[in-house]
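Okay, so here's the structure we're looking at.
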Amino acid sequence: QVQLVESGGGLVQAGGSLRLSCAASGTMFSISSMGWYRQAPGKQRELVATITRAGSSNYAEAVKGRFTISRDNAKNTVYLQMNSLKPEDTAVYYCNAMVQAVGLYWGQGTQVTVSS
């Protein structure tokens, strides 16, 4: 069983910061790409950021310059540092991981709410 567990979500004021973490457990397979997606009310799930095992990252235009994705390969953990948060960042944030030769797995999501 492969499980992804997110943590770090919560309620913050606009301009504040949060750091999300997602740890993969229950697998001995190598993880290639990891990433974060989000889904706001009334919208489809969208890409936030992804990162490869080598450290190459991609970001949605809406979060560039404010969010930073990173990972610890030894711990199979991905992080999302979110700074200068805006109310429009409010969403459920989902972690995912591509397990090499197995497939794609998703976490259950963590709520991020940014108040104005």
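What follows is calculated from the coordinates using simple rules that are stated; it is not laboratory data. For clarity, every value in this text was computed on a predicted model and none was experimentally measured. Cβ placement follows ideal geometry from the backbone for every residue including glycine, while neighbour counts extend to all protein chains displayed.
Ordering 14, 92, 33 by Cα displacement along the dipole of the chain toward the positive end leaves 33 in first place; charges were set at the Cβ atoms of Lys, Arg (+1) and Asp, Glu (-1). When only Cα pairs below 8 angstrom with a gap of at least 6 residues are kept, the range 25-116 shows a relative contact order of 29 percent. For the chain, the calculated P(r) over all alpha carbon pairs, in 10 Å bins from 0 to the bin holding the longest distance, is 15, 49, 29, 7, 0 percent. Computed from the Cβ-Cβ distance with R0 of 22 Å, the FRET efficiency linking residue 46 to residue 86 stands at 0.90.
Restricting the GluC sites (Glu not before Pro) of the range 1-96 to loop positions (DSSP other than H, G, I, E, B) with no more than 12 neighbouring Cβ atoms within 10 Å leaves 61.
The longest part of the chain holding none of the exposed loop trypsin sites (Lys or Arg not before Pro), meaning those outside H, G, I, E and B in DSSP with at most 12 other Cβ atoms within 10 Å, is 65-116. Remark: spin-label model distance residue 74-residue 7 equals 1.9 nm, labels positioned 7 Å along the Cα→Cβ axis.
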